[in-house]
Each structure stands twice: as structure tokens, then as C-alpha cells.
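Quick notes on the structure that follows.
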Amino acid sequence: MNMILTLLGAASFPGWAIALIVVAVLVLVLLMFLPIGTWFIAAISSAHVSMTRLVGMKMRRIRYRMLVDVYIRARKAGLEIDIAELESHVMAGGNISNVVNALISAHSANIELSLQSAKAIDLAGRDVLNAVKVSVNPKVIETPVISAIAKNGIELRVKARVTVRANIARLIGGAGEETIIARVGEGIVTTVGSSEFHKEVLENPDLISKTVLKKGLDAGTAYEILSIDIADVDVGRNIGAQLQMDQAEADKRIAQANAEERRAMAIATEQEMKAHTQEMRAKVVEAEAEVPKAMAEAFRSGRLGIMDYYQMQNIQADTSMRNAISGNGDGSDGKRGKK
């Protein structure tokens, strides 16, 4: 500034000209630093914002032009809002444009929604504008295909459409769409599972809607269920028959395993008996081998005479002949039995 004055003095300008130039320079500096344009737009839009607040916003690096535009929009819609509250919401990281648009929509639709509630909903991570839209225009939630089995074992595949309206009072802390879908699926499974025959559900699909609506499934959620419409019901597999077939197959395998076990035990017993028979035969052969020795010893000791031996041979031959005639065995068997 001193340099400018020195140059102006050196140029021999009159005093009033120098003063005018200084004022012009100061105005240019103020126009570069002060948000005059934003302040002027707010003033002519009947949404007065003090220059001090605008300068403070600029120094805090807040997007003051966007904030003022949102404030003007709210004032034009007839909302009594303090710009300080909008500024605090922006500094908290909220979406102020979404909040104000939601307030304008709610005000137009005569829906009770305060600025504090809208800010809280926005900071909670929910889309407050979409919530107001769903409150005005109900939303249809389509469930995936839900499989349920009636008491007669027939599977039904049910698809439902749930019409819901946002409950703004329960947006904070209320459950979302996933909970609605899960509860509706639970109601479908309960209704089909309590039916004696699957044809009852096919003939009266509204049984599912009535059962689900009676349970009050929207409790604790951010939505209010208006209606539940069954979009499609298809007959699936015969689960009961399949289970019986699986059980029969399992029983068959168990019986086969038991039979195989008994067969193995019978084979083992038979082999054991054969071994025992062979052992007994070996003992008999061994005993028969001792007979000649005993007879020789009897001849030497005189306890057996030659006539006694011949008589014994005649008796054995007679016994063998009788056995052969009667068919009870051959001569060898008779001899072996006699011995």
C-alpha cells in the first residue's frame, strides 16, 4: 500500500484521485475475500445470512455456497430453519441437502418430521429422503422363493410380495428389509407346515397372508406392513416319500450288513467244526494204530488166544455183512464201529 501511495504521489495525482484509487483497491480486496455474491443472493431470496457467518464458514472451509443454496430452498418451501443448525449438521458429516429435501417432501405431504429427527436419521446412516418417499409412496418388497413342507410331506415353493410403508418414528433403531423378509418367510413356513395337506394351501393361499399379518411381523422394524400378497405357489418334491425311501434303503443296508455278519459267523463256525472233525479223525486214526500193538501184546502175554482172535474176526465179518444188507454202512464202517 505504501508503494502504491509512493507511486501515486510521484505521478503528481490530485488528492481526491488518490483517495478514489485507494478505495477502489480496498473494495477489490474485500470483494476477493468476502463472499459478497453469496450474501447478496441470500438477501434478495428472503433468506438473510450475516456476512460474519459467511466469513466464518469460509474460514472453517465449509462449502458455504451449497449450504446457502440449501437454506434458500428451505426458506422458499416455508420451513423455519436456523442456518446454524444446518451448519452444525454439515460439520458433523451429514448430508444436509438430503435432510432439507426430506423436510420439504414431508412438509408438502403433511408428514410429521422435525429437523432434529431428520438430522438424527441421516447421521444414523439411513436415507431420510428415501424414507419419506416410501412413507408417501409405499414400497413393494419381493421375497425369494421360500420352501415349506406340509404334514403330508409335499413341498411347496412360495413367493410373496410385501407392501410396506416407512415408519419414520422407528427409523432410528428399527430393523430393515432383511428382517421383514425373514419374518415373512417364517410365517410362510409355519402356515404350510401346520396344514394337513398341501392342497389346503393351494386352494386358499390367503391363509398365508392372514397368518403372517396376525403375527404382527412389523414390530420393531422401520416399516409398517400394509399387505402381503402371494405371488406364486408351486408344488415341489414329495419329501415324505423321499424320506421313506431313504429310510427303507438304510434299513436294507443294515439288514444286508447283519446278514453278512451272520454268514461270516456261520462260515467261521463251519471251519471250526471241520477243524474239530479233522482233529477227532486224527485221534481215531491214532487210536486204531494202537490196536495191533495191543493185540500183539495180548498174544505175547497169553491173554488172547488164536481161537479168540478168529472168533472176533468172524463177529466183525458178520456185523459188516449185516450192515451192508441193511444199508447202514459198509464193511469198513462196521469194522471200525465194532472195533
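The values are calculated or read from the model by the stated rules, or taken from the named source; none is laboratory data. Everything numeric in this text was worked out from a predicted model, so none of it was measured. Glycine also receives a Cβ, built like all others from the backbone with ideal geometry; neighbour counts cover every protein chain displayed. Just so you know, the surface numbers come from the protein's heavy atoms only, side chains and all, with ligands and any DNA or RNA stripped out. Shrake-Rupley method; radii C 1.70, N 1.55, O 1.52, S 1.80 Å.
Per-structure values
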item	result
Listed residues A84, A150, S114: farthest to the positive end of the dipole of the stretch 40-177 (Cβ charges)	A150
Lysines with Cα under 17 Å of K119, excluding same-chain neighbours fewer than 8 positions away	K133
Whether the chain is rounded, prolate or oblate, judged on the alpha carbon gyration tensor where a/c under 1.5 counts as rounded	prolate
Residue-by-residue Karplus 3J(HN,Hα) for the stretch 143-148, coefficients 6.51, -1.76, 1.60, Hz, glycine and proline x	7, x, 5, 10, 9, 9
Most to least packed among 262-271, 225-234, 124-133 [average Cβ atoms within 10 Å]	124-133, 225-234, 262-271
For the chain, accessible area per residue (1.4 Å probe, heavy atoms of protein chains only), Å²	64
A160 long-range amide H proximity, modeled H, under 5 Å	T143, A231
When the stretch 16-127 is reduced to its Cα atoms, the Kirkwood hydrodynamic radius in Å	15.5
Solvent-accessible area, 1.4 Å probe, carbon plus sulfur percent, for the chain	56
Over the chain, relative contact order from alpha-carbon pairs under 8 Å, at least 6 apart, %	10
Quarter of the Cα convex hull surface for the stretch 99-151, i.e. its orientation-mean projected area (nm²)	5.7
Efficiency of FRET from Cβ geometry, E142 and E203, R₀ 22 Å, rounded to 0.05	0.40
Gap separating the Cα centres of the stretch 100-131 and the stretch 165-211, nearest whole Å	29
Extension gain, I21 back to N238 (0.36 nm per residue minus Cα-Cα distance, nm)	68.5 nm
Mean Cα-pair separation over length for the stretch 36-108, i.e. relative contact order, pairs under 8 Å, 6 or more apart, %	25
Heavy-atom SASA rank of D318, D82 (probe 1.4 Å, accessible area, largest first)	D82, D318
Amide proton proximity set for T221, modelled H, under 5 Å, gap of 5+	A175
Listed residues M245, M295, M57, most fluctuating in the chain (Gaussian network, C-alpha, under 10 Å)	M295
Hull-based mean projected area of the stretch 203-245, where the convex hull spans the alpha carbons, in square nanometres	4.8
Accessible area (Å², 1.4 Å probe, nearest 10) - Y309	70
Karplus-derived 3J(HN,Hα), 6.51/-1.76/1.60, for each residue of the stretch 68-76, Hz, glycine and proline x	5, 4, 5, 5, 4, 4, 5, 5, 5
Using a Förster distance of 41 Å, the FRET efficiency for E80-A175 (Cβ separation, nearest 0.05)	0.80
